[in-house]
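If you scroll down you'll find the structure; I have some questions about it.
Just so you know, all these numbers are worked out from the coordinates, no wet-lab data involved. For clarity, every value in this text was computed on a predicted model and none was experimentally measured. Virtual Cβ from ideal backbone geometry, glycine too; neighbours counted across all protein chains shown.
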Amino acid sequence: MATWRCVKNCGACCQLDPADRPDLDQYLSPAELEQYLTLVGADGWCIHFDQVTRECRIYADRPRFCRVEPDVFHDLYGIEPDELNDFAIDCCHEQIESIYGYRSLELVRFNREVGL
Ligand code: SF4
Ligand code: SF4
């Protein structure tokens, strides 16, 4: 069975351009949406995303909506804990494909590391 994990050298979900996420206000509270918008840099990447290392500079203190955790995904998307694995894999897939392309090394690496 494929098991979700965040793979190194990706960061696709740190591209936050609101134009690509028109339904943000459907799952973020007004306060979270405000916080989200403060993170968006001029190029759409999160201001805390290091584009060289492809790592989060504030990982330990990243916002709640950045965390792939059962209670967060339940609150934001109504996902039950036993659905989290498949849902997270689908989310990463969609995001990686949209940022890096469906033939990208990032997607190949993700598929291999989660066991797809
Ligand atoms: S898209 Fe998925 S694998 Fe890539 S950085 Fe985000 S959580 Fe990790
Ligand atoms: S705070 Fe960190 S994990 Fe969240 S979008 Fe920004 S760089 Fe990514």
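Is it the case that region 10-24 has a residue that's more than 16 Å from ligand 1 (Cβ to nearest atom), aliphatic (A, V, I, L, M), closer than 23 Å to Val114 by Cβ and touching a residue at least 40 places away in the same chain (Cβ under 8 Å)?
Here is the first cut: in region 10-24, the ones more than 16 Å from ligand 1 (Cβ to nearest atom) are 18-19, 22-24.
Subset that is aliphatic (A, V, I, L, M): 19, 24.
Those left that are additionally closer than 23 Å to Val114 by Cβ: none.
Looking through region 10-24, none of the residues is more than 16 Å from ligand 1 (Cβ to nearest atom), aliphatic (A, V, I, L, M), closer than 23 Å to Val114 by Cβ and touching a residue at least 40 places away in the same chain (Cβ under 8 Å).
Let me ask something else. Take Gly78 and tell me if it is of a type outside the set (Ser, Thr, Tyr) and either over 19 Å from Trp4 (Cα atoms) or touching a residue at least 40 places away in the same chain (Cβ under 8 Å) (or both).
no
Further question on the same structure: Which of (1) small (Gly, Ala, Ser); (2) over 18 Å from Glu94 (Cα atoms); (3) surrounded by 11 or more Cβ atoms within 10 Å (Cβ to Cβ); (4) more than 11 Å from ligand 2 (Cβ to nearest atom) is the odd one out, the single condition Ala2 does not satisfy?
Just one mismatch for Ala2, condition (2).
Is it the case that Leu84 is within 12 Å of ligand 1 (Cβ to nearest atom) and either under 12 Å from the mean Cα position of the chain (by Cα) or not aromatic (Phe, Trp, Tyr) (or both)?
Spelling it out, it is not the case that Leu84 is within 12 Å of ligand 1 (Cβ to nearest atom) and either under 12 Å from the mean Cα position of the chain (by Cα) or not aromatic (Phe, Trp, Tyr) (or both).
Would you mind listing the helices (runs of 4 or more DSSP H) fully within region 5-99 where at least 3 residues are within 15 Å of ligand 2 (Cβ to nearest atom) and surrounded by fewer than 17 Cβ atoms within 10 Å (Cβ to Cβ)?
So the answer is 30-39.
If you don't mind, there's one more thing I want to ask. Go through (1) over 16 Å from the mean Cα position of the chain (by Cα); (2) farther than 20 Å from Met1 by Cβ; (3) touching a residue at least 60 places away in the same chain (Cβ under 8 Å) one by one and return the number of the condition Ile99 breaks.
The failed condition is (1).
Considering only residues that are touching a residue at least 40 places away in the same chain (Cβ under 8 Å) and at negative phi, look in region 102-116 and name the one that is surrounded by the fewest Cβ atoms within 10 Å (Cβ to Cβ).
Leu116
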